[in-house]
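None of the figures in this text is laboratory data; all of them are computed from the coordinates on show. None of the values given here were measured: they were computed from a predicted structure. Cβ: placed from backbone, ideal geometry, glycine included. Neighbour counts: every protein chain shown.
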Amino acid sequence: MQTARQGDRVQVHFVKRWQDGSTRSSRGREPVELTVGIDHPRLPGLGLALVGLAPGGSAKVAVPVERAYGPPDPGRVRRWPRTRFPKDQPLAAGKWVRLSDSHGRRRLVRILEAHGQVVVVDTNHRRAGQALELEVQLVSIQVPAAGADCR
């Protein structure tokens, strides 16, 4: 039976569970493709947990804060002019708001304070400071191209 090795391209389904009780799952969608042993942005901390698994097998990984989305960084709290937000958008403290940054990328920020023409925002990842439990099921191992290393 074929099992996953470091460097293999594989497809997986995952369930993420955060400390605050929220979950996120890829079930019911296309599997995520990744390379075993290489960090994947959607599955931080996975590392080599898939090594030795056969398709259908699963692994659970406890991901500490530092390997998940990191601890909150006080340097990512910023003071922005009110003009960066749509005029008609209410800016209540604690609300998450999606807007475009100076490079045109969409980003999610949390409003901390809004007074006058200044808005204080937290640009940390919304999951910063939370440990993560990751459950990953190996769906398939990609067959190497002809002439590649055979098992």
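For LEU53, the residues whose amide H sits under 5 Å from its own are ALA4, ignoring neighbours fewer than 5 places away on the same chain, with H placed 1.01 Å from N. Taking the structure as given and computing Rg/Rh (Cα atoms, Kirkwood Rh), which label from (1) 1.11; (2) 0.93; (3) 1.63 fits? The value matching this structure is (1).
Residues of segment 121-136 falling in the label zone of LEU99, defined by backbone nitrogen less than 16 Å from a point 7 Å along Cα to beta-carbon, are 121-124. Extension gain for ILE38 to MET1 (0.36 nm times residue separation, less C-alpha to C-alpha distance): 11.0 nm. When only Cα pairs below 8 angstrom with a gap of at least 6 residues are kept, segment 74-122 shows a relative contact order of 43 percent. Taking Cβ atoms as reference points and 13 Å as the exclusive limit, the residues near THR23 contribute a net charge of +2, counting Lys and Arg as +1 and Asp and Glu as -1.
Computed from label points 7 Å out along Cα-Cβ, the spacing between ARG24 and HIS125 is 0.8 nm.
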